[in-house]
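Working notes for the structure below.
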Amino acid sequence: MLNFQTCGESHGRALVGIITGLPAGVPVELAAIDSELRRRQQGYGRGGRMAIEQDQAELLSGVRHRLSLGSPISFMIANRDHSNWRDTMSAGECSVIESRQVTSPRPGHADLAGAIKYHHKDMRNVLERASARETAARVAAGAIFKQFLAIFNIYIYSQVTAIGAVSCSAREVTAQNLPQLQQELKASAVHCADREASLAMTAAIDAARREGESLGGCFEVGAIGVPPGLGSHVSWDTKLDAALAGLLMSIPAIKAVEIGEGVLNAQLSGSQVHDEIFHDPRHGLYRRTNRAGGLEGGITNGETVWARAYMKPIPTLYKPLNSVDTRLWQEKQAAVERSDICAVPAAAVVAEAMMAFGIARAFLEKFSGDHIEQVHVSYDSYRKYMKKVWQWEKI
C-alpha cells in the first residue's frame, strides 16, 4: 500500500520524508518538488521564517536516473535556521544555559496537551514537532504523488475562498480552464482567483498584523480526472470520502472539512441536493451538477473530487492571550514564537499534497502493480470496461 511518513522538528537539522509503495518506473523530477516547496512558502501574511528558509529537497534513496525504483523513497529538506538553534536543538548535552524553554502554553496549540501526554516540562519538545514547519515534508511528498497522478491525467488544484470575514465564491474548475485558473491564482498574493476579494483579503491581513492578531479562512481543494470506482461502500474503513476528510483534518489548524456542498446540502431538500444522472448515446452517463463532491457511498463517481477545509487563526499571537506558567503555576501571558499572521494560502498547498496522496493511494489499491507498466495494464483494462458507460475524454 502507498504510504508516507515525515520526521523532523521545526528548528532541527532537517525535515525527512519517506515514501513506500510507489511503483517502479515513475518519473520523479526534483525541480517539480522544489517548485511545490516554493509555492508553500508564498502567500501574503507569512512570517519571518520564510525569509530565512529557501526550501529545497535532496533525494536520498529510491530514485535513480529520475525514475522510482520501487524501493522506499527518502528525501531531506534542510532547515537553514538550525544554525541559530544548534545548542537548543542538540541531540546531546546543551553547552549553554537553556534560554528557549517554553513553559507558558499557547491557547489553541498542542503545547499543553502534548506536554501532559508526554510528560514534558519544556513544551518546546511539543511545539517543535507540532509546528506547521513539518508540512514542508508533506508538500515534497505530495509533489511526487502529483507526478504519479499526472501519468493518468489526474490533476490536483486548490483555491482560497475566504480569509477572516472576507469571502468569495470558488471558481468552477474543469480540465479545460485549469491552466488559466492556475495562472490567475499564481498572480494573487492570497491564492484567490477573485481579484476584488484578493485585495480585500490582503487588507484584512494588514489590519490583523497591526492589531497583533492572526486570521484563518477557507479553501477548496480538488482532483480533476479521477475515474469512477475508487474507494468502496462495503466497509466503513474503505470509504474514500472518510479517508480524504481525515487527511485534510490532519493539517495543522484545520478544524472542519466538508466534502462537496456538505454544509449547504444539510439545509436543503433532497431534490435540491442530489446530482441527477443523464445519458447521451455519444457520451454515456453524465451529471450537470456536482454537489456531492465527486463521491457517493464512499466511492468516486467520475466527477471532480472536491472538498472545502476551514482553518482557524494561528494560535501564536503577537498580542498574546492569557495562559499559565507551569514552572511557577502562576497566570502569565502565553509564549510568543515567530509566526505567520495568516497561512491559509500555504495550507491550501499542503491540502493539495494530502489530496494527491489520498487519490494516489486509492488509485493504486484499485490498479496495483510493482512497475508503472503493470499499473497501466490494469488501468487500460478498466477503461475498456468503462467505455460502455463513461465518456473518458472528459476526464
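The values are calculated or read from the model by the stated rules, or taken from the named source; none is laboratory data. What you see is a predicted model; the values in this text were computed from it and never measured. Cβ coordinates were reconstructed from backbone atoms using ideal geometry, including for glycine residues, and neighbour counts include every protein chain displayed.
Remarks
- Hey, Leu328 in a loop (DSSP other than H, G, I, E, B), buried (at least 21 other Cβ atoms within 10 Å of the Cβ) and not polar (S, T, N, Q) or not: no
- Criterion violated by Arg308 - all others in (1) assigned to a strand (DSSP E or B); (2) under 30 Å from Asp122 (Cα atoms) satisfied: (2)
- The listed residues are Thr326, Thr300, and the only one of them that is out of contact with any strand residue (DSSP E or B) (no Cβ under 9 Å at 6 or more places or on another chain) and either modelled with pLDDT of 90 or more or more than 30 Å from Leu199 (Cβ to Cβ) (or both) turns out to be Thr326.
- Residue selected from the range 52-83 under the condition closer than 18 Å to Ile18 by Cβ and of a type in the set (D, E, K, R), by the criterion modelled with the lowest pLDDT: Asp55
- Restricting attention to the range 229-250, the residues that are in a loop (DSSP other than H, G, I, E, B), free of Cβ contacts under 8 Å to residues at least 40 places away in the same chain and among the small types (Gly, Ala, Ser) total 1.
- The residues of the range 154-177 that are surrounded by 17 or more Cβ atoms within 10 Å (Cβ to Cβ), of a type outside the set (Ser, Thr, Tyr) and within 28 Å of Leu364 (Cα to Cα), listed by number, are Ile154, Ile156, Gln159, Val173.
- Residues of the range 1-20 that turn out to be of a type outside the set (A, V, I, L, M) and within 16 Å of Ile73 (Cα to Cα), as a count: 7
- The set of residues from the range 277-297 being modelled with pLDDT of 95 or more, buried (at least 16 other Cβ atoms within 10 Å of the Cβ) and of a type outside the set (A, V, I, L, M, F, W, C) comprises Asn290, Arg291, Gly293, Gly294, Glu296.
- Meets criteria (of a type in the set (Asp, Glu), crowded, with 17+ Cβ neighbours inside 10 Å, over 30 Å from Met1 (Cβ atoms) and under 24 Å from the mean Cα position of the chain (by Cα)) for Asp111: yes
- Test: residue in the range 371-393 that is in a helix (DSSP H, G or I), within 30 Å of Arg38 (Cβ to Cβ) and within 15 Å of the chain's Cα centre (by Cα): no
- Of the residues making up the range 183-225, those that are free of Cβ contacts under 8 Å to residues at least 40 places away in the same chain, of a type outside the set (A, V, I, L, M) and in a helix (DSSP H, G or I) are Gln183, Glu184, Lys186, Arg195, Glu196, Ser198, Asp206, Arg210.
- Against the conditions (1) closer than 29 Å to Ala140 by Cα; (2) in contact with a Lys or Arg (Cβ under 8 Å, 6 or more places away or on another chain), Gln101 satisfies every one except (1).
- Residues of the range 251-291 satisfying the condition of being under 15 Å from Glu220 (Cα atoms) and part of a loop (DSSP other than H, G, I, E, B): Ile251, Gly260, Glu261, Asn290, Arg291
- Counted residues, the range 311-325 - those being crowded, with 17+ Cβ neighbours inside 10 Å and either in contact with a helix residue (DSSP H, G or I) (Cβ under 6 Å, 6 or more places away or on another chain) or not in a loop (DSSP other than H, G, I, E, B) (or both): 2
- Test: Gly358 is of a type in the set (Gly, Ala, Ser) and either assigned to a loop (DSSP other than H, G, I, E, B) or surrounded by fewer than 16 Cβ atoms within 10 Å (Cβ to Cβ) (or both): no
- Selection from the range 8-33 of residues that are of a type in the set (Gly, Ala, Ser) and either without any contact (Cβ under 8 Å) to a residue 40 or more places away in the chain or farther than 16 Å from Met89 by Cα (or both): Gly17, Gly21, Ala24, Gly25, Ala31, Ala32
- Only listed residue being modelled with pLDDT of 95 or more and in contact with an Asp or Glu (Cβ under 9 Å, 6 or more places away or on another chain), chosen from Val263, Val257, Val221: Val221
- No other residue among Arg209, Arg195 is touching a Gly at 6+ places or on another chain (Cβ under 8 Å) and of a type in the set (D, E, K, R) apart from Arg209.
- The number of residues in the range 196-232 that are over 13 Å from Val344 (Cβ atoms) and of a type outside the set (S, T, N, Q) comes to 21.
- When residues of the range 29-46 are limited to those that are surrounded by 19 or more Cβ atoms within 10 Å (Cβ to Cβ) and of a type in the set (D, E, K, R), the one modelled with the lowest pLDDT: Arg46
- Total residues in the range 369-395, condition touching a helix residue (DSSP H, G or I) at 6+ places or on another chain (Cβ under 8 Å) and modelled with pLDDT under 95: 4
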